[in-house]
Amino acid sequence: MDTSLDRSFGPWASTGRITSTVNARYQHILDKATPLVGLRWCLWVLVFFLYGVRVWYLRGFYIVTYGLGIFNLNLVIGFLSPQLDPETEGPALPTKGDQEFKPFVRRLPEFKFWLASIKAFCTAFCLTFFSVFDVPVFWPILLVYWLPLFLVSMKGPN
């Protein structure tokens, strides 16, 4: 009896290989894109523009856009927030010559911020192809809800 781990286990074995190959290629693309900050953000602007044009052309999907706005607001807050609270457990000044002072470490790194935002825009773009997500709503109401949320979130606890 052969108990080798490389043997296929029925019809799902090829699916696992395909998934593994796709994941490896996806990770390779991400690794290549990591140092290209300007190009990544140009891609973000393009995806943002395409989504905006699609929503404007369809004149709908305001709930999806509202959810996308709240998600991106949460990402911005994570990007602008420090990883450690400076009031309670913040980094102390170095006391020895071999210690390094890191004044600000982000809670959400720039690359993860960009990647999550791109994924959110692509997901929202895909949702615009399904009419079930086009909930009729008066969009100025959503804007009035979102603006105070944005202002209160950006003001902080002070």
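The values are calculated or read from the model by the stated rules, or taken from the named source; none is laboratory data. Quick caveat, the model's predicted, so the values are computed rather than measured. These area figures cover heavy atoms from the full protein model, side chains too; ligands, DNA and RNA do not enter into them. Shrake-Rupley method; radii C 1.70, N 1.55, O 1.52, S 1.80 Å.
Over all distinct Cα-Cα pairs of the stretch 36-85, the Kirkwood formula returns a hydrodynamic radius of 12.7 Å. Within the full protein context, the accessible area of Ile63 is estimated at about 70 Å² for a probe radius of 1.4 Å. Taking all protein chains as shown and a probe of 1.4 angstrom, Lys32 keeps an accessible surface of around 120 Å². Using a probe of 1.4 Å on the protein chains alone, the accessible area found for Phe48 is around 110 Å². Seen from all directions on average, the stretch 11-68 presents a Cα convex hull projection of 6.3 nm².
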